[in-house]
Number of protein chains: 2
Amino acid sequence: MKKKSLPLGKVYGLLEPGPVVLLTTSRKGRPNVMAMSWHTMLEFEPPLVGCVVSGRDYSFAALKTTRECVMNIPTVELAEAVVGCGNSSGDDTDKFAAFGLTPEPAACVAAPLIAECYASLECRVVDTRMVNRYNFFVLEVVKAWIDPARKDPRTLHHRGRGAFMVAGESIRLKSRMK
Amino acid sequence: MKKKSLPLGKVYGLLEPGPVVLLTTSRKGRPNVMAMSWHTMLEFEPPLVGCVVSGRDYSFAALKTTRECVMNIPTVELAEAVVGCGNSSGDDTDKFAAFGLTPEPAACVAAPLIAECYASLECRVVDTRMVNRYNFFVLEVVKAWIDPARKDPRTLHHRGRGAFMVAGESIRLKSRMK
């Protein structure tokens, strides 16, 4: 799909609802992708995101050494690919080929965008002090992409053990909050 | 509503989907409540949760000094109350009275459960080392409550500026993942 650049100040609106993301890394010229639900916004602008990548994940070493990744946000059409990514390891699987995901060059980092995801956030690791204790990385989003045609994306929200809630209707209330 | 105790190992399934929560605190005998979307799981069991409570929030001092809170999970029926909590301050408002929320005694902490919320997680602050830099508190869930009658709760997921996605349909895929 054709993505457009998104102002960095609008990134929080993509991550606050809590979607599963597909995190891509690239190390020694080899891209990989993992499914991740443990993330939170930490700051609006520049957007800072905290996320847990376990030491058991193949992506851990790539994230720690290259200090770059892309958070790609999938929608319900990609549910099988998301679960496939979560149940396999980059150690022995080319997950892009296995699950029909298309890597595309990013603008600022070596990790690829995933063409099939409606939004992609290029990130740099800016703080690793919480990695030893919590496997918690602080990322700065340096470039954001979104498919402007997707108004209410049907994102996936993990409930555990293969169960997902799919984003439903949108409501809008009068609010002074950001 | 009548809530039952939930095993702590199942708490992640409530927070992974990314719902807005109503965070209650109690300081000097006075309870307060704020809306919060910036949270993430950090560990399965005992469940650790990381969350951002801004120094500008009235709840910040209560959380920092009492080191206790309750994360209450509202559903769509409470949308007006959630936005009301987000747009007012405990400094000058009794938000329980103002928005029709009923405080109930918790089992392990002084902060109250909210009767109208389908799930409530009693928490203790276990790490404040990231508070100075990110306003990021690490909480341990010490007791969890859930209304067993609610199978697919229609939780609220903030998209920014008063827009919320409401939890839609649930899907289940074959997965070996927790």
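The figures follow:
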read-out: Residues whose placed amide H lies under 5 Å from that of B:R159, excluding near-sequence neighbours; value: B:F164, B:M165
read-out: Dipole of chain B, positive direction: furthest Cα of B:T128, B:V70, B:M177, with charges on the beta-carbon; value: B:M177
read-out: Pairwise centroid distance, computed over Cα atoms, of the stretch A:58-101 with the stretch A:102-135, Å; value: 11
read-out: Amide H partners (placed H, <5 Å) of B:T75, local residues excluded; value: B:Y118
read-out: Percentage relative contact order, chain A, counting C-alpha pairs under 8 Å, at least six apart; value: 26
read-out: Per residue value of the accessible surface for the protein assembly as shown (all protein chains in place, 1.4 Å probe), Å²; value: 41
read-out: Whole-Hz couplings from phi, Karplus 6.51/-1.76/1.60, listed for the stretch B:63-72; x for Gly and Pro; value: 5, 5, 8, 8, 6, 9, 6, 10, 8, 9
read-out: Relative contact order (%) - the stretch B:30-77, alpha-carbon pairs under 8 angstrom, separation at least six; value: 23
read-out: Dipole magnitude (debye, nearest 20) for the protein assembly as shown, charges at Cβ of Lys, Arg, Asp, Glu; value: 200
read-out: Estimated vicinal HN-Hα couplings, Hz - the stretch A:135-143 in sequence order (Karplus 6.51, -1.76, 1.60; Gly, Pro = x); value: 6, 9, 9, 9, 10, 10, 7, 9, 7
read-out: Rounded percent of accessible protein surface that carbon and sulfur make up, chain B, 1.4 Å probe; value: 50
read-out: Length gained when the stretch A:S5-A:A97 is fully extended (0.36 nm per residue, less Cα-Cα span); value: 30.5 nm
read-out: Nm distances between copies for A:P105, ranked from closest, using label points 7 Å along Cα→Cβ; value: 6.7
read-out: Estimated dipole of the stretch A:39-178 in Debye, rounded to 20 [Cβ of Lys and Arg +1, of Asp and Glu -1, Cα centre]; value: 680
read-out: Spin-label model distance (nm) - A:R67 vs A:K174, 7 Å beyond Cα toward Cβ; value: 4.8
read-out: Between A and B, accessible area buried - total, square angstrom, nearest 100, 1.4 angstrom probe; value: 5100
read-out: Of every Cα-Cα pair in the stretch A:1-157, the percent that sits beyond 26 Å; value: 16
read-out: Anchor B:K64: lysines whose Cα lies under 22 Å away (excluding residues fewer than 8 positions away in-chain); value: B:K28, B:K95, B:K143
read-out: Helical mean residue ellipticity (222 nm; -39500 (n - 2.57) per DSSP H run of 4+; nearest 500) of the protein assembly as shown; value: -3500 deg cm²/dmol
read-out: The stretch A:28-44 - phi-based ³J(HN,Hα) in whole Hz, Karplus 6.51/-1.76/1.60, Gly and Pro as x; value: 6, x, 10, x, 9, 8, 9, 8, 8, 10, 8, 8, 8, 5, 10, 7, 6
read-out: Inter-chain Cβ neighbour average for residues A:150-163, partner chain, 10 Å; value: 6
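The values are calculated or read from the model by the stated rules, or taken from the named source; none is laboratory data. Quantities reported herein were computed from a predicted structural model and do not represent experimental measurements. Note: ideal-geometry Cβ built from the backbone for every residue, glycine included; neighbour counts use all protein chains shown. For accessibility, only protein heavy atoms count, side chains too; no ligands or nucleic acids. Shrake-Rupley method; radii C 1.70, N 1.55, O 1.52, S 1.80 Å.
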